[in-house]
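Participant: Sending over a structure as structure tokens; questions will come in a sec.
The values are calculated or read from the model by the stated rules, or taken from the named source; none is laboratory data. What you are looking at is a predicted structure, and each value in this text was computed from that prediction instead of being measured. FYI the Cβ positions are ideal-geometry reconstructions off the backbone, even for glycines, and counts take in every protein chain you see. Note: areas computed on protein heavy atoms with side chains; ligands, DNA, RNA excluded. Shrake-Rupley method; radii C 1.70, N 1.55, O 1.52, S 1.80 Å.
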Amino acid sequence: IALTTVLQEADQDYPEIDRSAIRVFPVRREELFKYDVLILGDVNPSFLSQGVMQNIADFVTERGGGVVIFGGPHYMPLDYRGTPLADLFPFDPASVVLPPQGNLDQGFVVRPTAQGLASPQMQLGDTLPETDELWGSLAPLYWLMDINQLKPAARVLAEHPTRRTAEGRLAPVIIEQFVGAGTVIYQATDETQRWRFRLGDFLFGRYWVQTLRYLSRSKLLGEQPAELTTFHRKYRRGEAVPLQVRFRDDRQAP
């Protein structure tokens, strides 16, 4: 992975001591389109112009790029209502409810859904039972925003084990949505670094590297109209092999 970082709040000289750092987010469309995946944190929208936001939206819908967005307590996603990025969210940004400050003493262990267990980037183990067990062994998280009004195309990959939203569903933690030619993964928490507790980068790193590889596959797809994938590299004789096909343009699907 060739990493490039932009820090919104940092000393102006930090790019001089961080080889991965650049001073400003790519402004020109062709410069942004050279990347495969973007990760957006709790970014102040004043840091991004309307034109840059439109370039990010086009990066997903036209270029077929992947984006990971994780919510935070200040700006993301509430302050992005009515911006060009609003259509990338797999939910209505106005429906988000932030947790009350200071009420973070109840941790929870993230649980993958059936769709999550069947998604390649969520595979922490070599088999589905092992993957399910490993997710249950991760350190608990504490901060989680309540997301309501999911869009019809949203796929919940992981959720809170007990807490429910205003709509009565288990609170989503990781959500995926195909937007145009690209893919968006939204995380309703900014605490995945807690998964490094007592384990280091073993599972934390596996989750993130697999997520970035999964989102960057559109570059390999090129101009092909469809993508056919399996979830594992090896299968035993007699074992069922689920296949997933995705069309870049839904109008081409039979």
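Participant: If I filter the stretch 62-73 down to residues being small (G, A, S) and more than 18 Å from D36 (Cα to Cα), which single residue comes out as surrounded by the most Cβ atoms within 10 Å (Cβ to Cβ)?
Facilitator: So the residue we want is G71.
Participant: So, in the stretch 79-105, exactly how many residues are polar (S, T, N, Q), part of a loop (DSSP other than H, G, I, E, B) and under 19 Å from A166 (Cβ atoms)?
Facilitator: 1
Participant: Cβ-Cβ below 7 Å, separation at least six or inter-chain, first residue in the stretch 127-143 and touching a residue at least 40 places away in the same chain (Cβ under 8 Å), second among the aliphatic types (A, V, I, L, M) and surrounded by fewer than 17 Cβ atoms within 10 Å (Cβ to Cβ): which pairs?
Facilitator: These pairs meet every condition: L138/V109; P140/V109; Y142/L104; W143/L104.
Participant: Cβ-Cβ under 6 Å, sequence separation 6+ or interchain: first residue in the stretch 194-215 and free of Cβ contacts under 8 Å to residues at least 40 places away in the same chain, partner open to solvent by less than 20 Å² (accessible area, probe 1.4 Å). Which pairs?
Facilitator: Partner pairs satisfying both residue conditions: F204/W195.
Participant: Next question. Limited to the stretch 106-118, what total is found for residues that are assigned to a helix (DSSP H, G or I) and open to solvent by less than 80 Å² (accessible area, probe 1.4 Å)? Spell out the reasoning first.
Facilitator: Keep residues of the stretch 106-118 that are assigned to a helix (DSSP H, G or I), which gives 114-117.
Filter once more, so that each one left must be open to solvent by less than 80 Å² (accessible area, probe 1.4 Å): 116-117.
Qualifying residue count for the region: 2.
Participant: So which residues in the stretch 121-155 are outside any loop (DSSP other than H, G, I, E, B), farther than 14 Å from L203 by Cα and in contact with a Ser or Thr (Cβ under 7 Å, 6 or more places away or on another chain)?
Facilitator: Hits for the stretch 121-155 are L141, D146.
Participant: Looking only at the stretch 1-47, filter to residues that are over 22 Å from D58 (Cβ atoms), hydrophobic (A, V, I, L, M, F, W, C) and open to solvent by less than 70 Å² (accessible area, probe 1.4 Å); which one of those is modelled with the lowest pLDDT?
Facilitator: The qualifying residue modelled with the lowest pLDDT is A10.
Participant: Quick one: would you say A166 is surrounded by fewer than 20 Cβ atoms within 10 Å (Cβ to Cβ) and within 26 Å of V37 (Cα to Cα)?
Facilitator: Numbers: surrounded by fewer than 20 Cβ atoms within 10 Å (Cβ to Cβ): yes; within 26 Å of V37 (Cα to Cα): no.
In short, no.
Participant: Moving to a separate point now. Of the numbered conditions (1) open to solvent by 70 Å² or more (accessible area, probe 1.4 Å); (2) part of a loop (DSSP other than H, G, I, E, B); (3) not hydroxyl-bearing (S, T, Y), M76 satisfies every one except a single condition; which is it?
Facilitator: (1)
Participant: Name, by its number, the condition in (1) of a type outside the set (G, A, S); (2) part of a helix (DSSP H, G or I); (3) under 21 Å from T183 (Cα atoms) that does not hold for V67.
Facilitator: Result: V67 passes all but (2).
Participant: For Q121, all conditions in the list (1) within 28 Å of D87 (Cβ to Cβ); (2) open to solvent by less than 70 Å² (accessible area, probe 1.4 Å); (3) out of contact with any helix residue (DSSP H, G or I) (no Cβ under 7 Å at 6 or more places or on another chain); (4) not β-branched (V, I, T) hold save one; what is the number of the exception?
Facilitator: Failed condition: (3).
Participant: Can I ask one more? So, of the residues in the stretch 184-205 that are open to solvent by less than 10 Å² (accessible area, probe 1.4 Å) and more than 12 Å from the chain's Cα centre (by Cα), which turns out to be farthest from A86 (Cα to Cα)? Give the derivation first.
Facilitator: First pass over the stretch 184-205, keeping only residues open to solvent by less than 10 Å² (accessible area, probe 1.4 Å): 184-189, 195, 203.
Filter again for more than 12 Å from the chain's Cα centre (by Cα), leaving 195, 203.
Values: W195: 29, L203: 31 Å.
Among them, the one singled out is L203.
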